[in-house]
1. Checking Asp61 against (1) surrounded by 14 or more Cβ atoms within 10 Å (Cβ to Cβ); (2) more than 12 Å from the chain's Cα centre (by Cα); (3) modelled with pLDDT of 90 or more: exactly one of these is not met. Which one?
2. Since Ser20 meets every condition but one in (1) modelled with pLDDT of 95 or more; (2) of a type outside the set (D, E, K, R); (3) surrounded by 15 or more Cβ atoms within 10 Å (Cβ to Cβ); (4) in a loop (DSSP other than H, G, I, E, B), which condition does it not meet?
3. Give me the pairs, please: first residue somewhere in the range 59-70 and at positive phi, second residue anywhere and part of a helix (DSSP H, G or I) and surrounded by 18 or more Cβ atoms within 10 Å (Cβ to Cβ), beta-carbon distance under 8 Å, and either six or more positions apart or on two chains.
4. Could you count how many residues in the range 84-113 are assigned to a strand (DSSP E or B) and either touching a helix residue (DSSP H, G or I) at 6+ places or on another chain (Cβ under 6 Å) or modelled with pLDDT of 85 or more (or both)?
5. So Val33 passes all but one of these: (1) more than 13 Å from the chain's Cα centre (by Cα); (2) touching a residue at least 24 places away in the same chain (Cβ under 8 Å). Which condition number does it fail?
6. If you go through the range 48-64 one residue at a time, how many are touching a strand residue (DSSP E or B) at 6+ places or on another chain (Cβ under 7 Å) and part of a loop (DSSP other than H, G, I, E, B)?
Amino acid sequence: MSAAKVFIIDDDPNITDVYSTKLTALGFDVATVPNAKSAEVKIAGGYVPDVILLDIIMPGDNGIQLLERMVKDPALAKTKIIIFSNLDQRDDIDEDIMSKIAGYYLKVNMIPSEIAKKIKELVG
């Protein structure tokens with residue numbers, strides 16, 4: 001079985017570096033991009049991750065706008081999306097869309113090993 005693909009979409013290079021390093025060390029195949037546009041280009045190019053870690057506050061289209069498009073993309077139908085943000089903006093996300101995500105975690109409350117555990121639970 002090949003390594004589970006984890007796609008980190010976050011504009012903070014410190015976050016992407018720390019989480020990418022930890023998840024790669026645990027055997028995940030990790031890709032990172034700094035914004036919604038880059039994420040959409042990668043997905044349009046055929047990249048289908050098993051899990052997406054999505055930040056909300058980013059330059060350009062924010063994570064909520066990207067999330068709204070991703071949950072409608074048939075290519076991502078089996079992809080588990082975890083929102084991983086500095087702010088709790090659950091109230092800003094449509095209830096139907098919230099029902100389609102695998103989790104919403106605040107960065108301040110999590111460490112890389114906890115996120116890795118959540119991802120392992122999702123991918124089996």
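The values are calculated or read from the model by the stated rules, or taken from the named source; none is laboratory data. Every value quoted in this text rests on a predicted model; they were computed, and no experiment measured them. All Cβ positions, even for glycine, are placed from backbone atoms using ideal geometry, and neighbour counts span all protein chains on display.
1. (3)
2. Tallying (1) modelled with pLDDT of 95 or more; (2) of a type outside the set (D, E, K, R); (3) surrounded by 15 or more Cβ atoms within 10 Å (Cβ to Cβ); (4) in a loop (DSSP other than H, G, I, E, B), Ser20 fails exactly one: (4).
3. If the second residue must be part of a helix (DSSP H, G or I) and surrounded by 18 or more Cβ atoms within 10 Å (Cβ to Cβ), the pairs left are Gly60/Ala36.
4. Selection size over the range 84-113: 5.
5. Failed condition: (1).
6. The number of residues fulfilling the criteria is 5.
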